[in-house]
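Contents: one structure, followed by commentary.
Throughout, read-outs are computed from the coordinates displayed, never taken from laboratory work. Remember, predicted model here, so these are calculated numbers, not experimental data. Heads up, the Cβs are rebuilt from the backbone with ideal geometry, glycines too, and the neighbour counts pull from every protein chain shown.
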Amino acid sequence: MADDFAAGSFVLSHDSLTGTLQKMHITPDQRLVFETSVELGDLPDLNKAQMDETSRTQKSGDMVKVASLPMMVYLELSQKGILKDKAAFRRWLKSEEARPYRTHWMSS
């Protein structure tokens, strides 16, 4: 039955609100590969602008917004257990991977 399918890629769903795109790929050797990606759009630029408006030294109260994450990134961090581990989440926020999502200056 799997021999009946031609190799190719197919869009399964696209959520314009979250920028989430889900695709299914059929490889030449008849394997199915599912891919989920997030289109960041203007999010990195908006986060950078917010960071530029934030003082590096001024205290801003008890709560500070440090990042703006797409839902897929949030779920991935949750699955890896990073969100429940305060030290691991702080390390991730300081990483290059988190740079597009940061809205506050993180000291190294």
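Report summary: the helix-based calculation at 222 nm, which adds -39500 (n - 2.57) for every DSSP H run with n ≥ 4 and divides by the residues of the chain, gives -8000 deg cm²/dmol.
Ordered from longest to shortest, the equivalent ellipsoid semi-axes for the chain are 37, 16, 10 Å, each the square root of 5 times a Cα gyration tensor eigenvalue.
GNM remark for the chain: springs join alpha carbons under 10 Å apart, and the peak mean-square fluctuation among 51, 63, 71 falls on 63.
Under a model in which nothing but the beta-carbon of Lys, Arg (+1) and Asp, Glu (-1) is charged, the chain shows a dipole of about 820 debye around its Cα centre. Evaluated over the chain, the count of Lys pairs having alpha-carbon atoms less than 25 Å apart is 14 (only pairs 8 or more residues apart or interchain).
Give the long-range amide H neighbours of residue 20: residues separated by 5 or more places, or on another chain, with amide H under 5 Å away, using H modelled in the peptide plane at 1.01 Å from N. Residues meeting the criterion, in which the H sits 1.01 Å from N, are 15, 39. A simple charge model with +1 on the Cβ of Lys and Arg, -1 on the Cβ of Asp and Glu and nothing else charged puts the dipole of region 43-101 at about 280 debye relative to its Cα centre. The amide H of residue 67, built 1.01 Å from its N in the peptide plane, has 103 as neighbours under 5 Å, considering only residues 5 or more places off or on other chains.
Mean-square fluctuations from a GNM of the chain, with a 10 angstrom spring cutoff on Cα atoms, peak among 16, 68, 37 at 16. When you count the other C-beta atoms within 10 angstrom of each residue and take the mean per peptide, 90-97, 26-33 line up highest first as 90-97, 26-33.
With an 8 Å Cα cut-off and a minimum separation of 6 or more residues, compute the relative contact order for the chain in percent. Averaging sequence separation for qualifying contacts and normalising by length gives 23 percent for the chain. Find which of 73, 51, 7 sits farthest along the positive direction of the dipole of the chain, computed with +1 on the beta-carbon of Lys and Arg, -1 on that of Asp and Glu, about the Cα centre. Positive-end residue among those listed: 51. Sorting the Cα pairs of region 43-101 by distance into bins of 10 Å, from 0 upward, gives 20, 50, 28, 2 percent per bin.
Annotation for residue 9 and residue 45: the two label points, set 7 Å from Cα along the Cα-Cβ direction, are 2.4 nm apart.
The calculated FRET efficiency for the pair residue 64 and residue 17, based on their C-beta separation and a Förster distance of 25 Å, comes to about 0.45. Computed from backbone phi, the HN-Hα couplings of region 11-26 come to 7, 8, 7, 9, 9, 5, 5, 9, x, 8, 10, 10, 10, 10, 10, 10 Hz, rounded to whole numbers (Karplus: 6.51 cos²θ - 1.76 cosθ + 1.60, θ = phi - 60°; Gly and Pro given as x).
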